[in-house]
Amino acid sequence: MKKSNSIKSLFFVCCFLIASQSALIGQEKTTSPVDLVNPYMGNISHLLVPTYPTVSLPNSLLRVIPARTDFTGDRLSGLPVISVSHRGNSAFSLYPFQSDNNSIQSKYSYSYDQEKITPYYFDVFLDDMNIEVKYGVSHQAGIYQLDFEDKGNPFIMLASQNGKLIVNKGTISGFQRIGNQNKDIDTKVFIFLETDKPVVESGIMKDGKISATQTQEGENIDAVLKFSESTKSVKIRYGISFISEEQAKKNLYRNLDGFDIEKTITEGREIWNNSLSKIKVEGGSHDDQVVFYTSLYRTYERPICISEDGSYYSPFDGKIHADNGEPFYTDDWIWDTFRATHPLRVLIEKEVELNIVKSFIRSAEQMPNLWMPTFPTINGDRRAMNSNHGVATMLDAYVKGLTDFDLEKAYQASKLAITEKTLAPWSDKKAGDLDEFFVKNGYFPALREDQEETSSVVHSFEGRQPVAVTLGTVYDEWCLSEIARILGKKDEADYFLKRSYNYRKIFNPETAFFHPKDDKGKFIEPFDYRYSGGVGARRYYDENNGWTYRWDLQHNVGDLIHLMGGNENFVNNLDATFNEPLGKSKFVFYSQLPDQTGNVGQFSMANEPSFHIPYLYNYAGEPWMTQKRIRKLLNEWFRNDLMGIPGDEDGGGMSAFVAFSQLGFYPVTPGSISYNIGSPVFTNAEINLGNGKTFTIIAKNASDKNKYIQSAKLNGKDWNQPWFTHDEIKNGGTLELKMGPKANKKWGVDSPPPSARPLPN
């Protein structure tokens, strides 16, 4: 009996040692950051546009997205060649098929299976055609490998809409028009494509047959390459350009050396790892790390560099320009990205951010009016959303040390966009009567529900959005005042600083909400801060209701606390935002406010004006509530699954909030050098600042349970405030936080983050 027990004991000891050794081996094994990226995260939307799995290199011209509506799409509408928008369809489409009777398929919708997507390649099996597809991407060129399993001749069709294709033996070249915001400009995307296998027949398809015609221009053009029946595998490589067909060919040969798809994939993986490794994290769960690196990957989706061999096509004037050694970037929805994406790049991609800032200025110079762009794209500038927050990206870059750009030109372009262009949303018209009213009275006037629109500059669907316009513009004017002060323009600095307080004109002291006023200076009544304003509340706000815009004052939170009657009232109002019920059924609520998803009470995690709200407790003496809210929101709404993003991610706009918040800090006020401290998810994070320096965040004992800061040190000194400045970390540093399961309600309560400078005398 004893002998038996001894044998059992020895057996269990051996098992324990083997398991322990295995665990140690597992701990030593490292996973590259790119392996933690899940491009499928958020591919099924909660309500509106899903987040698409994008295959590209960081900030590169060439991007491809599977040709389907979202992850649930059962069929692929061809194979993508280039997506000119982060959520757009492919400009060209590739259709492979195989036929044993020489009949040519028309454009085909493929059933598919076994799909795998990473940031740098994808593969998929077209199961109804028995074709295996593999794809690798470079900056301005891509390569497909197609393996055909059936009998018959393989065919490849390249489809274009509204363009021209030329077939020359085994190559296809041409262009497709992609349109422009300025109807006088004809923006095109050019292609040069070739295969590694000889072609037995080629041409333009007409009436189901390959025509001898080699050139055709029109609405729908299909170029076909036919291969011999013995061909079982074909590699197709192509270059893309916005300049010319010849440049597309040059881009191809510069990017891809031969038809080595595995080399392309390996190089893409290395490039992504180099970018994502600029932030290294330890601790948290595996899913936490997946969410983080997926979010970081998304911030590299836009804008894209469109310089090609030292030149670029400008969609803002339709001309080719030399970039003079400074790469040109476009495709950036600034209303979405100024809040967190640009500030994140200031930390980890300084050279890229500097070139983006310079590109914005050049874009303004190339347009008919020197107006800072709002949504610069490859199709020109969409004057979308409201306000002109390009000025915030200028200021934020400059005050954080990226000063190698023409600040005077940036100031003029920003000022003219705010003072010469109408403030009416989604309009590129010059300022009119509503803008004159704004200058004179300090707020954008609202209409009652029963009043018809009288101004020709107002968009028929988007409406006036008077509260959103007023709050967004006074923030822009604060940014202008700060830049003017840097430039030594004291009078203009004082003028715009005074105007930056005009949010007071629409603050309703009876309700403590920002409330629309008519042109007589009277608040619109009766009023429901949840439901007044129609679809998207656009008659008064924008996409979000009055509860969200109650907090849309990023540059002067301290004054908002004063207007609300002090810290206690301010905190109570914050709490109410997270607790106020929808008031009607979800069907009714989201039928009217489809963009305001990700709700916690009236707080909307899914829309950009809400991102800074949970950090506002820091300003009112309750930083522990910021810590609680942030962790709860991250756990609720950002997950490693198909519905793991609560709203329109907008190519990095929302993901940058996630990345910052998981690291443990956030830039509440772009243009200010201060960062608010939240609750780090990881026990250790190292941020490569790009100057040989590293900012390290150590969160001892951090876990789902231990989310509260007990004590802190910054650069070795005791730290009892829930914020720090860029100057304190720009040359490297360490933030050490001791975390625990219960709130330390004394830490950081007496030192709120800075707000706007006082009004001049």
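The values are calculated or read from the model by the stated rules, or taken from the named source; none is laboratory data. Since we're looking at a predicted model, the values are computed, not measured. Glycine also receives a Cβ, built like all others from the backbone with ideal geometry; neighbour counts cover every protein chain displayed. Note: accessible area is taken over every heavy atom of the protein model, side chains too, but ligands, DNA and RNA are not part of it. Shrake-Rupley method; radii C 1.70, N 1.55, O 1.52, S 1.80 Å.
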For R339, tell me the accessible area in Å² from a 1.4 Å probe, rounded to the nearest 10. 10
Using alpha carbon centroids, what distance separates segment 540-564 and segment 205-263, in Å? 53
Which shape class, rounded, prolate or oblate, goes with the chain when its Cα gyration tensor gives a ≥ b ≥ c as root eigenvalues, a/c under 1.5 marks rounded, and past that a/b bigger than b/c marks prolate? oblate
Too-long pairs where the Cα-Cα distance tops 22 Å, listed order kept, from K632/K742; K250/K350; K134/K278: K250/K350; K134/K278
Figure the gain on full extension for S211 and Y495 (residue separation times 0.36 nm, minus the Cα-Cα span) and round it to one decimal in nm. 95.4 nm
Please give the Cα centre distance for segment 453-504 versus segment 685-761, rounded to the nearest Å. 32
Using alpha carbon positions and the Kirkwood radius, the Rg to Rh ratio of segment 212-285 is 1.15
What number, in percent, do you get for the relative contact order of segment 325-443 if the mean sequence gap of Cα pairs under 8 Å and at least 6 apart is divided by its residue count? 26
So the FRET efficiency between E436 and K232, C-beta based with R0 = 51 Å and rounded to 0.05, is 0.10
17 Å Cα-Cα reach of K746 towards aspartates and glutamates, excluding residues that sit fewer than 8 places from it in its own chain: E568, E622, D718
T69 versus S111, label points 7 Å from Cα toward the beta carbon: distance in nm? 2.0
Radius 9 Å from Cβ of D100, net charge of other residues (Lys, Arg +1; Asp, Glu -1): -1
Say each of L416 and H321 gets a label point 7 Å from the Cα, pointing the same way as Cα to Cβ; how far apart are those two points in nm? 1.3
At N579 and K693, where each label point lies 7 Å from the Cα along Cα→Cβ, what is the point-to-point distance in nanometres? 4.3
Cα-Cα longer than 22 Å, checked against K440/K498; K164/K319; K517/K586; K188/K226; K197/K249; K440/K522, kept in input order, equals K517/K586; K188/K226
Leaving out same-chain residues fewer than 8 places away, which aspartates and glutamates sit with a Cα under 15 Å from that of K206? E217, E219, D222
Where Lys and Arg each count +1 and Asp and Glu each count -1, what net charge lies around N168 among other residues with Cβ under 15 Å from its Cβ? 0
Compute the accessible area per residue over the chain, keeping the other protein chains in place, probe 1.4 Å, unit Å². 38
Pull up the DSSP beta bridges for the chain and report the antiparallel fraction as a percent, rounded to 5. 95
Report the Cα centroid-to-centroid distance between segment 332-365 and segment 265-313 in angstrom, as an integer. 16
Under a straight-distance cross-link criterion of Cα-Cα below 16 Å, which aspartates and glutamates are reachable from K430, leaving out those fewer than 8 residues away in the same chain? D381, E420
Pop out the carbon and sulfur fraction of the accessible area of the chain as a percent, whole number, probe 1.4 Å. 48
